[in-house]
Amino acid sequence: MIASVRAAWFADRKRPGVWTVTTTWTILAVAFGIGIPYIVHLALSGDPEQAEAAESLLANVLPAQLVSTGIALFPLFGGAIVVILGALVVGNEFRWGTLNLIFTQRPRRAQVMLGHAIALCGITLLLVLLTFTALAVVTAILATVEGRGLDWPSVGKLAGAVGAAWLICTAHASVGYFLAIAFRNTATAIAVGLVWTLVLENAVNGLALVLKPLELLQKVLLAPSSGSLAGALGARSQFEGGTPGVMESSSAWLPATVLLGYVLLMFGLGTWLAVRRDVN
């Protein structure tokens, strides 16, 4: 099993697509989470009537708000990016036909696929750590430029945000993993994954506001659960002027349980499917 994980990790870290998606997401996170709000702050700061709004925008891009600013980026935007990442990691194995060769060697199919799943969990953790590191560096620079203090959140809160973001990313990556195995095609898996997470789930999420029977379904969907987890950690709801995808929630346990269920179910179904059917 360890050998399968090491082999998958070695292959994944050599894929240009993995680093391209990771780097692109990190840049987008800094741009949308910090850059755009700060630019708007600069535009409003010269207007006395907008002084309060400008100050609020500045406060959100300082180190003290690193947890809420960072976690708010993952439910909608980060989730969609990581679906692509999950599909790339496994889909390329079908694209190049390498699974045909690997499955004829000594490792069992389940070991090979679980090795890819564990390596994918490691990649999502790396992506989350890079994101929060980049956000921390930029917020520190802005605090210095603006003459504000470096008031960082506590280690416990920061660790909780990193863990929650990792769970959100891993749940979305597991969907990409499953779809890549189901369709045996990277492009199709990405297309279906994006329609699922960005269109269907958000449509149900919106309809649940007016159709009460959909509220129960909403609680077990991937995107709303991710948004609720972010909201439980202090991110502002999208209905209160916060980041799109974030939902108000008083507890993190239910959304975290749903997301963990997605991780186990999608990785389990994908591995079972790869084991049970021919790869040709």
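Results, tabulated for the structure shown:
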| quantity | calculated |
| --- | --- |
| Order by protection proxy (mean Cβ within 10 Å, highest first), peptides 262-272, 60-70 | 60-70, 262-272 |
| Degrees, to the nearest 10: 79-95 long Cα axis against longest axis of the chain | 20 |
| I84 - accessible surface, heavy atoms, 1.4 Å probe, Å² rounded to 10 | 40 |
| Percent carbon-and-sulfur accessible area, the chain, ignoring ligands, DNA and RNA, probe 1.4 Å | 68 |
| Potential lengthening between L216 and V195 on full extension [0.36 nm per residue; Cα-Cα distance subtracted] | 5.4 nm |
| Nearby aspartates and glutamates by direct alpha-carbon distance to K14 (threshold 15 angstrom, same-chain neighbours under 8 apart not counted) | E93 |
| Degrees between helix 109-145 axis and first principal axis of the chain (Cα, 0 to 90, nearest 10) | 20 |
| Amide N proximity, the stretch 15-55 versus R148 label position 7 Å along Cα-to-Cβ, cut-off under 18 Å | 30-47, 50-55 |
| Dipole of the stretch 30-187, positive direction: furthest Cα of H116, L135, I81, with charges on the beta-carbon | H116 |
| Dipole in debye (nearest 20) - the stretch 124-224, about Cα centre, beta carbon charges: Lys, Arg +1; Asp, Glu -1 | 180 |
| Contour minus Cα-Cα distance for L130 and K14 (0.36 nm per residue) | 40.0 nm |
| Tilt relative to the chain, helix 155-183 - C-alpha long axis, 0 to 90 degrees, to 10 | 40 |
| Per-pair calculated FRET efficiency, R0 = 35 Å: L254 and L158 via Cβ, rounded to 0.05 | 0.95 |
| Cross-link partners of K219 among aspartates and glutamates (Cα-Cα below 15 Å; sequence separation of 8 or more within a chain) | E201, E248 |
| Solvent accessible area, Å² - F183, 1.4 Å probe, full protein context | 100 |
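The values are calculated or read from the model by the stated rules, or taken from the named source; none is laboratory data. Here the structure is a predicted model, which is why all the values come from computation and not from measurement. Because the Cβ atoms are built from the backbone with ideal geometry, glycine has one as well, and the counts that use them run over all protein chains shown. Each accessible area value is taken on the protein alone, full model and side chains, heavy atoms only, with ligands, DNA and RNA left out. Shrake-Rupley method; radii C 1.70, N 1.55, O 1.52, S 1.80 Å.
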